[in-house]
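Readers should treat all values here as calculations from the given coordinates under stated rules, not as data from a laboratory. Since this is a predicted model, take the numbers as computed values, not measurements. Here the Cβ positions follow ideal geometry from the backbone for every residue, glycine too, while neighbour counts run over all protein chains shown.
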Amino acid sequence: MIPSNIPTFTPEVHSEIIELAQIPPKVAGYPFTNWSLSKLKQAVEERKIVSSISIETLRVILGEAKITYQNTKTWKDSNDPDFASKKNESKTSTRTHQRTGV
């Protein structure tokens, strides 16, 4: 049984979300190349397909339609001037022990 505080959306709303998810973001007027769930959520709400939707609900709708999405990846750059020379150095955190005949 679905709890009463969780909104359910009509098949028409599902179709509109699925349709939007299949349009490349640049074609839809957004400055990025792949949808993430958070970006799609923002677009669905901006376009007033629904007033509010959770990322989990979007994930379920897309999953049912077998649509994949871009996971958001973040990274930070170092401001260390020696970072480039350090980043590929191998660091050994444990000592190597000689094997015994056991």
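Packing order of peptides 19-27, 33-41, 55-63, highest average first: 33-41, 55-63, 19-27 (average count of other Cβ atoms within 10 Å over each peptide's residues). Counting only the Cα atoms, the range 28-73 fills a convex hull of 83 Å³ per residue.
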